[in-house]
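Taking it in order: structure first as structure tokens, then the write-up.
The values are calculated or read from the model by the stated rules, or taken from the named source; none is laboratory data. Computed from a prediction, not measured in an experiment: that's the story for all the values here. Cβ atoms come from the backbone with ideal geometry, glycine included; neighbour counts cover every protein chain shown. The protein model used for the area step is the full one, side chains on, heavy atoms only, and it has no ligands, DNA or RNA in it. Shrake-Rupley method; radii C 1.70, N 1.55, O 1.52, S 1.80 Å.
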Amino acid sequence: MATGDPRWGILRKDRTALAFVVAIHLIFAFATWMPAIHTGGDNAAYVSLAHSLAQNGSYQEVWSPGTPLHTKYPPVYPAALALLILSGAKTWGSLKAASVVFTGISTVFCFLWVRRIRNVRTATVVAALFGMAPAVLFASRWILSDPLFLALTLGCCWLLSPPKGVSPKGGPSGKSPDDPEAIRLPTAPQVAAGLALATLAYFTRSAGLPLIAAVLLWLLLQRQWVRLGIFTALFSVPAALWSLRPRASGNYVSEFWMINPYSPDLGRVGFPELVARAAENLWRYGSDFVPSGLTGLSGGWATALGAGLTGLTLAGWLRRVRSKPGVPEFFFLLYSGLILAWPGVWSGDRFALPLFPFILLYSGESLASLAGRLSRGPGGTRAAVAVAVAIVAIPAGASGMRSAGSANDCRIRTATSGPLGCYASNVYDFYAMARWAGDHLPEGSAVFSRKPRLFHVFSGLPSTTFPFSTDQRRFWDAVDSLDIAYVVVGNWGRQSQAYVGSVVTARPDRFCYVTGIGSSTSLLAITPPGADDPGESTDSLPVLKRCSGALASPPPSLSALASMRIPMLER
């Protein structure tokens, strides 16, 4: 007889299968792992917030002039990184390793959830496909909150899902209570743990709100009035405290209603635009982000696979809603609605990650049911499912092999060029400029830059983004209010030339040239009105004078740039 703890759905005979799917994930994760850091800036923000917690015990934007309270990213993930920093983590790799751990835990929870509601064979297939999905592997190598959020969400769904054989209202499974396969409703400790994970998920990512709503709806439909009241009260207190923090740094709610959060001048979205946005996001997720995130396919193959997955997933979800809806079904609906409604510039396969296990399970159940009706026998069903698994697994494995080759090349380049050595020259030049500024500019100098959080992590200097507005008065108002002394001009994106270049052209008397790195990245000092700086003109910016003094020093040495230690944690 199998042994283990049936109350938690963990049986000894399951452990081999569980070890197999975890091994699949870790093999692919380590093969595709690379030491480079993400250029989006979020990773630098999380490290900076963790540094603030570890060093000062406060949750502040240490990268921003004035170090305001942070109100955008919930604090659970930075708190986890802070614990690593306090334990001695000082390199990018040591913090990135946490993501591999979290995606590994997500794979475990994916297996346990499917095992709880289906069987070990289905759990093995779903968890293995999930663990080798290119988007999951992509998330495992960056310092981002997605892996932790994924683990907490799947853990909650596992703990709060009624096991196979239990009706939505808690009917018996028909098995002896002594049978280790006997199915029981979630116990009080399981429910308490599930509610705790849901709360932590919300305070890891604001997109965890659909999970909170799903849990509340599940408790309401189950008529668990005491648990509903306790959970609502306990969740409301920290949620209220978080929402009442001064919103100096903005929040996702206000940005959600913008046409484009990176171009505020475009205004807010109305109902017709919201419908069009949802339709566009549905097409992009269905034809690109989801199929490519699961398999690595692109183009027509991804579109065809996406169409099939969309139809099968919807049918499978409806089938479960009609029979035994629970937290996973409610979460799937609410989270899907959220990512369809938000700005298209935020869309991508990383935001579809929490849906992958549900897509794989729901579509697989639909396919098995359809094949069973058409073939009228188990052999045809098994053959259809095997073909479907191969359609997903083969391209996903091929994608992993390609990524492993690219990762190896990146590891070689970062060994000599540092954490941004795998990127284009404009990105690397920005990195070198930030390191130069940290070594040569006066301590505490505030700098305008396109990537202020990355700039701060590398330089230790406060930095903020210049206003994304063609109204030049907003640029100078920000200079005065934030006491900005320098600005980095480069070709990382179009914003620098669009919003800074025009200001420099209109008021060359307010700038002088400090230094430049590469062919397109320059550091300019902002001079007081009416200042007369007699200096020699430069070839790169002929309309500007060179700043007086001895600021212009050689770029940092390659050996300094090659270090994988985080400069901010070393200062």
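Overview of results
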read-out	value
Calculated from backbone phi, Karplus (6.51, -1.76, 1.60) coupling profile of the stretch 144-156 in Hz, x at Gly/Pro	9, 7, 4, x, 5, 4, 4, 5, 5, 5, 5, x, 5
With DNA, RNA and ligands ignored, accessible area of residue 138 (1.4 Å probe; Å², nearest 10)	70
Largest-first principal axis extents, alpha carbons of the chain, Å	91, 50, 49
Calculated [θ] (222 nm, deg cm²/dmol) that DSSP helices of n ≥ 4 give over the chain, each run adding -39,500 (n - 2.57)	-18500 deg cm²/dmol
Hydrodynamic radius of the stretch 338-379 per Kirkwood, over alpha carbon pairs, in Å	12.6
Backbone HN-Hα couplings from phi across the stretch 438-447 [Karplus 6.51/-1.76/1.60, Hz, Gly and Pro as x]	x, 8, 10, 7, x, 4, x, 4, 8, 10
Burial ranking of peptide ranges 28-36, 234-242, 186-194 (average Cβ count within 10 Å, highest at the top)	28-36, 186-194, 234-242
The chain: angle of helix 92-117 to the longest principal axis, Cα-based, in degrees nearest 10	20
Solvent accessible area, Å² - residue 545, 1.4 Å probe, full protein context	100
Mean separation of Cα contacts under 8 Å, 6 or more apart, over the residue count of the stretch 412-501: relative contact order %	25
Relative contact order %, the chain, counting alpha carbon pairs below 8 Å whose residues are six or more apart	16
Sulfur and carbon atoms: percent of accessible area, the stretch 35-75 [1.4 Å]	46
C-alpha long axis of helix 120-131 to longest principal axis of the chain, angle in °	10
Accessible surface, 1.4 Å probe, highest first, among residues 327, 101, 62	101, 62, 327
Unit charges at the beta carbon, dipole of the chain: most positive-side option, 449, 108, 366	366
Surface per residue (accessible, 1.4 Å probe) for the chain, Å²	43
Within the chain, longest stretch clear of exposed GluC sites (Glu not before Pro) (DSSP loop, no more than 10 other Cβ within 10 Å)	1-442
Helix 327-341 axis, angle to the chain major axis (alpha carbon atoms, nearest 10°)	30
